[in-house]
Each structure stands twice: as C-alpha cells, then as structure tokens.
Amino acid sequence: MNTITSRFVAAERALRTAAPHQLLDAVRRVLADQYAADSVELFLADYGLTVLQPVSVLPHTLKPVSVHSSPAGRAFGAQEPYVEALSGGLVRAHLPVTVRGDRLGVLTVTLPGAEHAEGRLDELAEIAQVLAHEVVVAERDTDLYLQARRRDRLTLAAEMQWQLLPGRSCARPEYELGAQLEPAYAIFGDNFDWSASADRLSLYVTNGMGEGIEASLLTALAINALRNARRAGLSIDDQAALADQAVYAHYRGRCYLSALMLDFDLATGRVRAVDAGSPQMLRLRGGAVERMPFDAQLPLGMFEETDYVIQEFRVEPGDRLVFVSDGVYDVASPGGEAYGDAALGRAIQATRLLPAAEAPRALLRELTGHRGGSTPDDDALVVCLDWRGR
C-alpha cells in the first residue's frame with residue numbers, strides 16, 4: 001500500500017470508528033499524525049445560509065464566519081478547496097464538506113507550508129467528503145451537529161419542518177437541486193421533498209395553510225402520506241389522492257395543503273405533474289423566463305375523495321426550473337405592489353449564473369429587498385432545479 005493510500009485509509013478508518021459526537025476529534029488526530037496539521041476546525045452552514053458555525057463543545061471558542069465574505073465562505077460557495085497564506089510560513093486550506101451535492105459546511109486545516117498543502121490538497125478534499133458522510137450518519141445519534149448549525153433558536157414549528165426535509169441541495173449527472181426556506185428560524189407551513197431512483201426523480205413543493213405548530217402538523221401529515229404512497233410504488237396522481245384522503249380524514253376540510261408534484265424520467269426528460277394548489281413553477285430556457293401554466297386542481301384535503309389528473313411536459317438540457325410558494329410571488333412592497341411574475345422573472349435572470357444550490361438564497365435576498373426589509377407576513381420557499389439530462 002503506497003503512502004497516499006495509507007494516509008487516506010487511516011483517516012477513513014478513524015472517522016468510521018469514532019463515536020458520533022467525536023468525529024472532529026478523530027479527524028484532528030489523524031490529520032495531525034498523517035498530514036502534520038497544526039489545527040483543524042469544522043464549520044457548518046447555519047439554517048439561514050448566512051454564516052458558517054463552528055462545531056465545538058459549549059462554550060464555543062470560535063466565532064461564526066460569513067458565508068459571503070470569508071475564505072471559508074469562498075470554499076463553501078465555489079465548492080472548491082481554497083488555500084490562504086498565513087504568517088510564519090503556514091497555510092490554511094478550506095475544504096468543502098459536501099455529500100452528494102448537499103453542502104454541509106467547510107473543514108479548515110492549517111498546514112506547515114504551501115508546498116505541503118498543494119501536494120496533499122486532493123487527499124484532504126476527499127477526507128472532507130468522508131467526514132460529510134459521517135456527519136450525516138452521526139446526526140441520527142447525536143444533536144451536536146444540528147445544534148452547531150443554529151445561529152439563533154429555532155421555533156418548534158421550524159424544528160419540525162427542517163426535520164422533514166431531505167437536505168438543502170443534491171446533485172446527480174442529470175440534474176442539480178437546491179432549496180431554501182425563510183424565515184429559516186421560524187418557518188411553519190412551506191416544505192419541499194425529493195427522492196431519486198436509478199431512472200426517476202420525484203419532487204414535491206408544498207404550502208400548508210395556517211401558522212405555527214398547526215401548519216407544521218398539517219405539513220408533516222401530508223408529506224408522510226405522500227412518502228408512504230410513493231414508497232408503495234403508486235403514480236403521482238394516486239399519491240395525491242392518498243394524501244388528500246389522509247388530510248381530509250383528519251381535518252374534515254377545515255385545513256388543507258397546496259402541492260405541486262412532479263415525476264421526472266431521467267432518461268428522456270419527460271415530466272408528469274399534478275398541480276394541487278398554489279406553488280408556482282417558472283422555467284428559464286434560452287434566456288427567457290416563463291411561468292408554466294398547469295391546470296389548477298383542488299388542494300390536498302379540501303374535499304373528500306378528490307380525483308387528480310396528471311399533466312405532462314418535457315425538460316431540455318440547460319433548463320432551469322424555479323418553484324416558489326405564495327410567500328414569494330404574493331409578497332407586497334411597502335407601497336403594496338405584489339412581487340409577481342415580472343419581478344420574479346428579473347430575479348431569476350439576475351441569478352442565472354449561480355449554481356442551483358445557491359440560487360434559492362439569492363432569490364430570497366432579492367425578495368427581502370422588494371419587501372423593504374420588513375418582517376415577512378408569510379413563510380417563503382424557493383426550489384431550483386438545473387436539468388442536464390443524459
């Protein structure tokens with residue numbers, strides 16, 4: 001076994017055998033032993049995607065760093081290692097901690113010199129990816145990493161919503177996905193869900209009525225009903241019907257949930273869709289933005305035993321699909337002007353060069369500018385899908 005392989009195997013074994021709450025201690029030891037690292041720190045992106053929070057035992061000894069204006073934030077945004085020179089001949093390597101396109105944070109490693117870092121940067125980047133996998137697995141058994149992501153306290157409703165999510169981004173050769181919820185620490189009704197197999201991608205964008213805990217309970221019921229139907233192998237129209245029955249059986253029409261459901265054929269780009277309410281989809285193709293006109297059907301749970309009809313369209317390589325809740329396109333400016341398709345179209349054009357994982361947060365910043373910085377009356381959801389095809 002050569003030296004490079006031996007170092008990497010030692011790092012991987014240390015991470016896989018560490019206790020869930022001791023991953024950072026394990027990677028510190030192995031990077032010090034095998035790579036002469038002077039210091040090692042792990043930063044995780046907060047729920048609002050504004051800062052990278054240090055992972056440490058309370059009381060915290062490090063301050064958060066900005067996602068937008070720091071060396072670690074540069075590595076996080078570009079998803080590429082970034083090396084900065086320090087005094088005394090040291091260098092600091094910032095390495096994306098990412099698993100299957102889901103951007104968790106950054107591993108920062110201080111090393112004794114630029115030549116030392118450059119020769120081992122690829123190895124360190126792979127170790128950061130192994131760490132990302134282990135963090136995701138460890139979250140089943142410890143709260144440490146979920147606590148580290150909190151810049152502020154989550155409301156109970158927000159806690160429930162974030163726990164429902166599959167992640168905030170993911171990537172495969174056929175597509176890239178990114179999503180963000182606002183206000184991140186007080187979200188209650190909006191949600192998204194996705195799941196992929198070898199040949200298909202299922203994507204749901206939902207908007208539950210109500211506020212606070214009641215909205216979160218409604219969304220949790222609907223999302224789990226949709227997952228239950230999807231995992232039983234049902235088509236999306238039958239998934240919608242089953243979730244509709246589950247919500248109606250509990251609320252008897254008093255509460256209901258809007259949903260836009262899509263099923264993508266990864267080989268052909270053929271999409272089957274069910275529009276059950278208010279979430280909207282806009283498509284950026286060939287430099288032009290247009291809203292996709294679906295036939296609106298009844299929200300899930302409004303009436304008993306509603307039948308849902310599938311509509312079909314195709315996506316082409318290079319398409320960007322942007323999904324928004326009514327907390328985006330209905331939000332009003334201080335003068336009472338709704339955001340609407342025109343402003344949303346301009347925002348999509350302005351952010352077209354950003355990767356799908358970054359575009360939702362940028363679009364929500366544009367929305368904050370339109371709102372004039374006032375406290376939002378409704379939660380807002382943006383999901384971005386970049387389609388490459390096969």
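The values are calculated or read from the model by the stated rules, or taken from the named source; none is laboratory data. Keep in mind that this is a model prediction, so the values were computed, not measured. Cβ sites come from the backbone with ideal geometry, for glycine too, and all protein chains shown count toward neighbours. What goes into the accessible areas is simple: the full protein's heavy atoms, side chains included, and nothing from ligands, DNA or RNA. Shrake-Rupley method; radii C 1.70, N 1.55, O 1.52, S 1.80 Å.
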| said: Starting from the 7 Å offset along Cα-to-Cβ, what nm value, one decimal, do you get for the label separation of Leu146 and Arg254? | reply: 2.8
| said: Tell me the per residue accessible area of region 293-353 using a 1.4 Å probe; a whole number in Å² is fine. | reply: 53
| message | If you roll a 1.4 angstrom probe over the protein chains with everything in place, what fraction of the accessible area of region 208-299 belongs to carbon and sulfur, to the nearest %? | response | 49
| Here are several values of Rg and Dmax of the Cα atoms in Å: (i) 26.1, 98; (ii) 22.1, 71; (iii) 22.6, 82. Which one was derived from the coordinates shown? | (ii)
| message | If you count only protein heavy atoms with a 1.4 Å probe, what accessible area per residue comes out for region 124-273, rounded to a whole Å²? | response | 39
| Ignoring ligands, DNA and RNA, how do Leu107, Leu165, Leu62 rank by accessible area with a 1.4 Å probe, largest first? | Leu62, Leu165, Leu107
| remark: Taking a crude spin-label model, label points 7 Å out from Cα along the C-beta direction, the Ala114 to Glu316 distance in nm is 4.6
| field | Extension reserve of the Arg172-Val136 stretch, reckoned as 0.36 nm per residue once the Cα distance is removed | value | 11.1 nm
| field | Size of electric dipole in region 156-305: Cβ of Lys, Arg +1 and of Asp, Glu -1, about Cα centre, debye, nearest 20 | value | 260
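Only four residue types carry charge here, +1 at the Cβ of Lys and Arg and -1 at the Cβ of Asp and Glu. Report the dipole size of region 1-82 about the Cα centre in Debye, rounded to the nearest 20.
Around 100 debye, computed over region 1-82.
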| task | Measure off, as a whole percent, the carbon and sulfur share of the 1.4 Å-probe accessible area of region 334-390, all protein chains present. | result | 49
| Accessible area of Arg13, 1.4 Å probe, to the nearest 10 Å²? | 140
| request: For region 268-390, report the convex hull volume of the alpha-carbon atoms normalised per residue, in Å³, without decimals. | output: 120
| note | Each label sits 7 Å from Cα toward the beta-carbon; between Gln79 and Ala342 the label points are separated, in nm, by 3.5
| Of all the accessible heavy-atom surface of region 8-77, with the other protein chains kept in place and a 1.4 Å probe, what percent is carbon and sulfur? | 55
| note | FRET efficiency (Lys63, Glu305; Cβ distance; R0 56 Å; to 0.05) is 0.50
| message | Can you find, among Gly210, Gln245, Gly233, the residue sitting farthest towards the positive end of the charge dipole of region 202-261, where Lys and Arg contribute +1 and Asp and Glu -1 at Cβ? | response | Gly233
| remark: By the DSSP-based rule, helices of the chain that are at least 27 Å long along the axis (C-alpha) and have a mean Kyte score of at least 0.0 are 114-138, 212-231
| remark: With every protein chain kept in place and a 1.4 Å probe, the residues Cys384, Cys170 fall, from largest accessible area down, as Cys170, Cys384
